[in-house]
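Notes follow the structure.
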Amino acid sequence: MADTQPIVFASSNAGKIRELDELLLPLGMQVKSQVELGVEPLPETAVTFVENAIVKARHASSITGLAAIADDSGLEVDALNGAPGLYSARFASMHNAGSGDEANNALLLKKLDGLDDKQRGARFRSVMVFLRHENDPSPIITQGVWEGHIMHKVTEGGGFGYDPVFCNHDTHQATSLLGKDEKNKLSHRGKAVQAMIAQLSDVYKNG
Ligand code: ITT
């Protein structure tokens, strides 16, 4: 599946960039993040994951002239009617409760205070988009979902974002405790990438 030109990953999130590298490098695909290529992120103004992902990929492709891949993802919590969802990265800042992963997790735990495990259902969702070029009229779009629930406290470990408070229903433990390969095998992003790889083999069939 190798190709002479790298693909730009339209993300500035270090955790996502690390996971995508781990998922795609073994396939011989050369992926450079938009951070490496000096592409500044755009504000995310759309109201669906897929629109945000397309806008991110198109922006990175237009600046670099490369094919682009983007992930728009988030955590949907049943007790909060699907919030923070599309706004997962900005959850705390939208509620004037600080900013960043720690603040997001603290606010989430506060909002779910008093609810038992059955009332704490949640899932991660990743929508992934691949554009062959800036004006590609038919992006490849894939999706992955990972079911779980929100724990009662933070479990320190690896990962990023909401991993320290998300108990995944495959291994029944905090996602922050999973090794990187295990998370990639089970996660929303891992599933979206596997589905993407299956379709990319058409684009890179001569590689
Ligand atoms: P880019 O747009 O630059 O890729 P971002 O962090 O702004 O980075 P999103 O808008 O897609 O990306 O927001 C996704 C947020 O959802 C992310 O910041 C985390 O808070 C959360 N999230 C997504 N996938 C996650 C995962 O695998 N583990 C933990 N949290 C995750």
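The values are calculated or read from the model by the stated rules, or taken from the named source; none is laboratory data. In this text the structure is predicted, and so the values were computed from the model without any measurement. All Cβ positions, even for glycine, are placed from backbone atoms using ideal geometry, and neighbour counts span all protein chains on display.
Residue check: is residue 116 under 20 Å from the mean Cα position of the chain (by Cα) and more than 12 Å from the ligand (Cβ to nearest atom)? Give the steps one after another, and end with the answer.
On the way: under 20 Å from the mean Cα position of the chain (by Cα): no; more than 12 Å from the ligand (Cβ to nearest atom): yes.
Against the criterion (under 20 Å from the mean Cα position of the chain (by Cα) and more than 12 Å from the ligand (Cβ to nearest atom)), residue 116 does not qualify.
Go over the candidates 190, 161, 157 one by one and state the one that is crowded, with 17+ Cβ neighbours inside 10 Å and not in a helix (DSSP H, G or I). Lay out the reasoning, then the answer.
Working: 190 fails: not in a helix (DSSP H, G or I); 157 fails: crowded, with 17+ Cβ neighbours inside 10 Å.
So the residue among 190, 161, 157 that is crowded, with 17+ Cβ neighbours inside 10 Å and not in a helix (DSSP H, G or I) is 161.
Just for region 73-91: of the residues that are in contact with a Lys or Arg (Cβ under 9 Å, 6 or more places away or on another chain) and closer than 19 Å to residue 128 by Cα, which one is surrounded by the fewest Cβ atoms within 10 Å (Cβ to Cβ)? Before the answer, list the steps.
First, pick out the residues of region 73-91 that are in contact with a Lys or Arg (Cβ under 9 Å, 6 or more places away or on another chain): 73-80, 83-85.
With the extra rule that they be closer than 19 Å to residue 128 by Cα, the set shrinks to 73-76, 84-85.
Working: 73: 27, 74: 24, 75: 28, 76: 18, 84: 22, 85: 16.
The selected residue is 85.
Considering region 71-104 alone, what residues qualify as being in contact (Cβ under 8 Å) with a residue 60 or more places away in the chain and more than 9 Å from the ligand (Cβ to nearest atom)? Quick ask: steps written out before the conclusion?
Taking region 71-104 first, the residues in contact (Cβ under 8 Å) with a residue 60 or more places away in the chain are 71, 73, 75, 77, 88-89, 101.
Residue satisfying the conditions is 77 alone.
Take the residues in region 92-108 that are surrounded by 20 or more Cβ atoms within 10 Å (Cβ to Cβ) and in contact with a Ser or Thr (Cβ under 9 Å, 6 or more places away or on another chain); name whichever of them is farthest from residue 123 (Cα to Cα).
92
For residue 42, are the conditions met, namely being surrounded by fewer than 15 Cβ atoms within 10 Å (Cβ to Cβ) and within 13 Å of the ligand (Cβ to nearest atom)?
Details: surrounded by fewer than 15 Cβ atoms within 10 Å (Cβ to Cβ): yes; within 13 Å of the ligand (Cβ to nearest atom): yes.
Considered against the rule, which asks whether it is surrounded by fewer than 15 Cβ atoms within 10 Å (Cβ to Cβ) and within 13 Å of the ligand (Cβ to nearest atom), residue 42 comes out as yes.
In region 45-54, which residue that is within 16 Å of the chain's Cα centre (by Cα) and either within 10 Å of the ligand (Cβ to nearest atom) or among the hydroxyl-bearing types (Ser, Thr, Tyr) (or both) is surrounded by the most Cβ atoms within 10 Å (Cβ to Cβ)?
53
Out of all the residues in region 153-196, which are in contact with a His (Cβ under 9 Å, 6 or more places away or on another chain) and either away from the ligand (no atom under 12 Å from the Cβ) or on the phi > 0 side of the Ramachandran plot (or both)?
167, 169
So if I check each of 57, 70, which one is surrounded by 22 or more Cβ atoms within 10 Å (Cβ to Cβ), closer than 22 Å to residue 84 by Cβ and under 14 Å from the mean Cα position of the chain (by Cα)? Talk me through it step by step, then tell me what you get.
On the way: 57 fails: closer than 22 Å to residue 84 by Cβ.
Every option except 70 fails the conditions.
For region 27-143, which fully contained helices (runs of 4 or more DSSP H) count at least 1 residues that are of a type in the set (Phe, Trp, Tyr) and modelled with pLDDT of 95 or more?
In region 27-143, 49-64, 91-94 are the helices (runs of 4 or more DSSP H) which contain 1 or more residues that are of a type in the set (Phe, Trp, Tyr) and modelled with pLDDT of 95 or more.
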